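A short worksheet on the structure shown next.
None of the figures in this text is laboratory data; all of them are computed from the coordinates on show. It should be emphasised that the depicted structure is a prediction, and the values quoted were computed from it without experimental measurement. Neighbour counts run over all protein chains shown; Cβ positions are idealised from the backbone, glycine included.
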Amino acid sequence: MKEEKVSRIVSNLMKISAESSPKASGDYLDIVVLDDAEREMLAEEMFQLSNELEDETYSEKGEAVEASEEVILIGLNEHPPLGLNCRACGYDDCNELSDAEETEDIFKGPNCTFRLLDLGTALGNSLSTADIHGFQPDISIRGGLAAKHLGLIDANICLAVTTKVVKDKNYFTP
């Protein structure tokens with residue numbers, strides 16, 4: 001019981017770290033800490049997707065979700081381009097990006113490169129917080145896809161972060 005409370009505290013600290021990460025301008029992130037029932041639903045969805053898509057990696061990541069203490073979803077919501085006309089997204093200017101036809105195969109796009117960097121910074125801050133508190137984080141792209149598929153998060157792009165306590169970190173070897 002005590003370990004479960006600590007695990008929940010750390011996952012909420014990870015959420016705060018992601019939410020408070022530096023952003024280009026505006027906040028278009030969605031961060032969700034799953035409860036136990038949602039985590040079980042996510043694992044089951046990953047096993048089902050593994051069968052449907054004949055892709056064993058969904059099942060492997062589903063096992064990691066089952067074995068984790070916590071799952072945090074970090075996603076990038078609908079967003080306007082930053083307005084720099086930097087062309088990093090592949091379009092000539094931000095207006096062209098805004099007017100581009102929306103696509104959704106796996107994730108929804110196109111997306112502003114600087115908003116994607118905001119997502120990456122949030123992930124990095126969250127992972128750092130987990131590590132500081134003795135948790136081993138893992139990023140799962142397929143977990144994010146399954147979470148979107150289930151409707152656990154409504155974001156253009158979503159990644160799932162699983163955590164578990166690591167009691168045997170070996171930094172020194174004979």
Counting pairs on different chains as well as pairs 8 or more places apart, how many Lys pairs in region 2-165 have Cα atoms under 28 Å apart?
20
Highest first, please rank the peptides 152-165, 76-89, 114-127 by the mean number of other Cβ atoms sitting within 10 Å of their residues.
152-165, 114-127, 76-89
Compare the Cα positions of Ile132, Ser98, Asn111 along the charge dipole of region 63-174 (+1 at Cβ of Lys, Arg; -1 at Cβ of Asp, Glu; about the Cα centre) and return the one farthest towards the positive end.
Ile132
Express the relative contact order of the chain as a whole percentage, based on alpha carbon pairs under 8 Å and six or more residues apart in sequence.
30
Might you report the magnitude of the Cβ-based charge dipole of the chain about its Cα centre, with Lys and Arg at +1 and Asp and Glu at -1, to the nearest 20 debye?
960
Taking N as the number of residues in region 2-165, what is its Cα Rg relative to 2.2 N^0.38 Å?
1.07
